[in-house]
Amino acid sequence: MSRLKPGDQALPFTLPGVDDRPHALAGYSDKAAVVLIFICNHCPYVQAWDDRMVEIQADYGARGVQMIAINANDPNKYADDSFPKMKERAREKQYNFPYLHDETQEVARAYGAEHTPEVFVFDQAGTLCYHGSIDDNFRDPKAVKNHYLRDALDAVLAGQTPPLAETRVVGCTIKWK
């Protein structure tokens, strides 16, 4: 499985959201930046970063950034990752971004996602500008020294290249069928 690399173009998709509506990547083409994050419900890394994902969307939404979370995990391996449980999680955590279900795992495979959470930041032209982790400390938000995602978004919104195009992804592996 090959992964998208910085400079590659976003791949189109349409997936169902926890709001029971289809979400097409093309529907966000007016955004200054789109952040795709492959997540799931059961992963302790995702759980540790959950509040920060909501904060980032709240902080950057008015500036034209749209975060989109995608769950590609096989719910037969982790029942907590089923679509009904996704709806519960989105409500509980008050997700302020679409949470989509990649039941066939085709989108995760096309992007080369391997972990949860795994971040892909695209500029308005659909070019991958950053791939990696949200920041450098999933355990303690107060101990974060490098805000990779925020730094990438600040650069993209300023029309610049992010300081880091890629960082090491930290998290659980996607549970493949």
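State, to one decimal in nm², a quarter of the convex hull surface area for the C-alpha atoms of segment 1-80, i.e. the direction-averaged projected area. Numbers along the way, then the final one.
On the way: hull surface 27.0 nm².
For segment 1-80, averaging the hull's shadow over all directions gives 6.8 nm².
May I have the pair-distance distribution P(r) for the chain, computed from all Cα-Cα distances with 10 Å bins from 0 and rounded to whole percent?
10, 43, 39, 8, 0
Around residue 96, what is the net charge, scoring Lys/Arg as +1 and Asp/Glu as -1 over all other residues with Cβ under 11 Å from its Cβ?
So the surrounding residues net to -1.
Given +1 on the Cβ of Lys and Arg, -1 on the Cβ of Asp and Glu, and no further charges, what dipole in debye does the chain carry about its Cα centre, rounded to the nearest 20?
160
If each residue of separation counts as 0.36 nm, what is the full-extension length gain between residue 161 and residue 110 once their alpha-carbon separation is subtracted?
Extra length available between residue 161 and residue 110 comes to 16.0 nm.
Once fully extended, how much extra length lies between residue 127 and residue 151, figured as 0.36 nm per residue of separation less the alpha-carbon to alpha-carbon distance?
Value of the extension gain: 7.0 nm.
Points 7 angstrom from Cα along the Cβ direction at residue 139 and residue 168: gap in nanometres?
Output for this residue pair reads 1.4 nm.
Kirkwood Rh, Cα Rg: Rg to Rh for segment 69-126?
Working: Rg = 12.3 Å, Rh = 12.5 Å.
Using Cα coordinates only, the ratio equals 0.98.
Taking +1 at the Cβ of each Lys and Arg and -1 at the Cβ of each Asp and Glu, which of 130, 16, 26 sits farthest along the dipole of segment 14-173 towards its positive end, judged by Cα position relative to the Cα centre?
Positive-end residue among those listed: 130.
Taking amide hydrogens as modeled 1.01 Å from N in the peptide plane, which residues meet the under 5 Å criterion relative to residue 68, leaving out close sequence neighbours?
Result for residue 68 returns 35, 36, 37.
Can you give the local net charge around residue 150? Use residues other than it whose beta-carbon is closer than 10 angstrom to its beta-carbon, Lys and Arg +1, Asp and Glu -1.
Surrounding charge for residue 150 is -4.
Under a 5 Å amide H to amide H cut-off, with H placed in plane at 1.01 Å, what residues pair with residue 4 once short-range neighbours are removed?
Answer set, sorted by chain and number: 112.
Hey, what did the chain get for relative contact order, percent, Cα under 8 Å, at least 6 apart?
It comes to 29 percent, rounded to a whole number.
Can you give the helix-only mean residue ellipticity at 222 nm for the chain, where every DSSP H stretch with n ≥ 4 adds -39500 (n - 2.57) and the sum goes over all residues, rounded to the nearest 500 deg cm²/dmol?
Details: 4 runs with 43 residues, N = 177.
Result for the chain: -7500 deg cm²/dmol, rounded to the nearest 500.
Tell me, in nm to one decimal, what length is gained between residue 19 and residue 87 on full extension, where the rule is 0.36 nm per residue of separation less the Cα-Cα distance? Could the numbers behind the result be given before it?
Working: separation 68, 0.36 × 68 = 24.48 nm, distance 0.78 nm.
Result for the pair: 23.7 nm of gain on full extension.
Read the figures in this text as sums done on the coordinates, not as results from a lab. All figures in this text were calculated on a predicted structure; none of them were measured in a lab. As a convention, Cβ positions derive from the backbone with ideal geometry for all residues, glycine included, and neighbour counts pool all protein chains shown.
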